[in-house]
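All of the numbers you see were taken from the coordinates with simple rules; none came from a lab. As the structure is a computational prediction, the values presented were derived from the model and not from experiment. FYI the Cβ positions are ideal-geometry reconstructions off the backbone, even for glycines, and counts take in every protein chain you see.
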Amino acid sequence: MLDEIILAEPRGFCAGVDRAIEIVERALHKFGAPIYVRHEIVHNTYVVNDLKAKGAIFIEELDDVPPGATLIFSAHGVSKAVQQEAAKRGFHVFDATCPLVTKVHIEVAKLHKEGYEFIMIGHKGHPEVEGTMGQLDSGIHLVEDVADVARVQPAQTEKLAVVTQTTLSMDDAAGILAAVKARFPNVREPKQQDICYATQNRQDAVKLLSPQVDIVIVVGSPTSSNSNRLREVAQKLGTESYMVDNADELKPEWFEGKGRVGLTAGASAPSILVRQVVDRIKAFGAVSVRKMDGIEETVKFPLPKGLKTDL
Ligand code: 2E4
Ligand code: SF4
């Protein structure tokens with residue numbers, strides 16, 4: 001019989017997502033609609049639809065942005081080529097790239113000047129990977145798994161550094177990094193690893209939660225890397241786990257024969273969706289809701305110049 005819902009702590013919005021959404025909202029308020037956004041500001045259907053309704057237009061190609069428009073880069077970051085093209089076309093640009101992604105970009109630029117080549121651990125085709133790899137014309141080699149590490153062919157191995165996507169599985173990344181270090185023993189690692197605090201905290205919370213429950217539900221959109229990783233963390237611990245974009249995707253049969261339900265949300269999933277999911281699981285029979293103990297996040301990033309004044 002369905003009994004308790006246990007909420008992972010922390011879950012949901014991180015500081016980078018808070019900031020990115022606020023940049024779009026403030027730009028809409030200050031300059032009026034339309035505001036163009038390159039790529040989904042964060043990978044969440046609800047967030048994107050909400051901003052569309054307020055006057056944001058989401059595009060992938062700068063060709064689709066009219067002259068003189070205000071353009072915002074998504075939280076995942078952009079390549080140098082996109083940055084330069086936007087400047088050349090004279091758009092009024094605000095950069096909503098998460099500062100923790102920008103930190104990786106800066107590290108790449110700095111080490112490149114010192115003559116380094118890079119192994120990047122990440123998922124091919126993800127916009128953050130395209131943005132980070134696009135900080136240089138060449139010299140960043142992408143590895144997605146341990147098998148890729150055996151295949152990668154840097155031009156030299158004296159000056160080789162590792163960078164990663166910010167939202168990887170901590171455990172998968174550790175395994176791939178070990179393979180990189182085994183093949184290239186003098187590879188340089190980031191002082192503080194690139195997987196961000198929010199990714200780590202949400203995965204750690206799911207690790208604590210999973211053994212206490214019969215099923216884990218992750219609120220997140222299919223394109224969200226960090227949300228997918230949360231579902232995998234629970235699954236790898238042997239707990240049945242599903243990711244849903246909204247409450248309507250919950251299937252009653254998932255909860256048959258289950259007692260406790262663990263619930264978390266990716267860094268891009270708003271709390272309103274979590275509340276709706278809680279209500280739906282209660283309608284299926286859950287009787288109580290409890291928050292897990294967990295660390296409190298206090299990270300906050302400043303807004304860009306030009307959007308700081310109060311709404
Ligand atoms: C930028 C960097 O990267 P992911 O697919 O997890 O992005 P999402 O938009 O779901 O989450 C916010 C975000 C943005 C995370 N890291
Ligand atoms: Fe930034 Fe991490 Fe949030 Fe991504 S998940 S937006 S890197 S704080």
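See the values below:
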quantity	calculated
Cα-derived Rg to Rh of the range 232-311, Kirkwood definition	1.08
Over the chain: Rg over Rh, Cα atoms, Kirkwood Rh	1.00
Cα gyration tensor shape for the range 51-96, rounded if a/c is under 1.5, else prolate or oblate	oblate
Equivalent ellipsoid semi-axes - Cα gyration tensor, the range 145-293, angstrom	37, 14, 13
Mean Cα-pair separation over length for the chain, i.e. relative contact order, pairs under 8 Å, 6 or more apart, %	28 percent
Options PHE31, PRO252, ILE140, ranked by Cα towards positive dipole end of the chain, top entry (Cβ charges)	PHE31
Choice from GLN135, GLN153, GLN276 with maximal GNM fluctuation in the chain (Cα, 10 Å cutoff)	GLN153
Estimated translational D of the range 177-261 in µm²/s (Stokes, Kirkwood radius over Cα pairs; 20 °C; 1.002 mPa s)	145 µm²/s
For the range 94-156, radius of gyration divided by Kirkwood radius, i.e. Rg to Rh on alpha-carbons	0.98
For the chain, built as a Gaussian network whose Cα springs stay under 10 Å, the top-fluctuating residue of ILE176, ILE23, ILE119	ILE176
Helical mean residue ellipticity (222 nm; -39500 (n - 2.57) per DSSP H run of 4+; nearest 500) of the chain	-11500 deg cm²/dmol
Dimensions (Å) - the range 214-266, Cα atoms, principal axes, largest first	30, 26, 13
Fluctuation leader among THR157, THR239, THR167 - the chain, Gaussian network, Cα springs under 10 angstrom	THR157
Sparse-neighbourhood loop sites, GluC sites (Glu not before Pro) in the range 211-311 - DSSP loop, at most 13 other Cβ within 10 angstrom	GLU256, GLU296
Volume per residue that the Cα convex hull of the range 1-82 spans, once the total is divided by residue count, Å³	136 Å³
Gyration tensor (alpha-carbon) shape descriptor, the range 138-213, a/c threshold 1.5	prolate
For the range 36-189: rounded, prolate or oblate by the Cα gyration tensor [a/c cutoff 1.5]	prolate
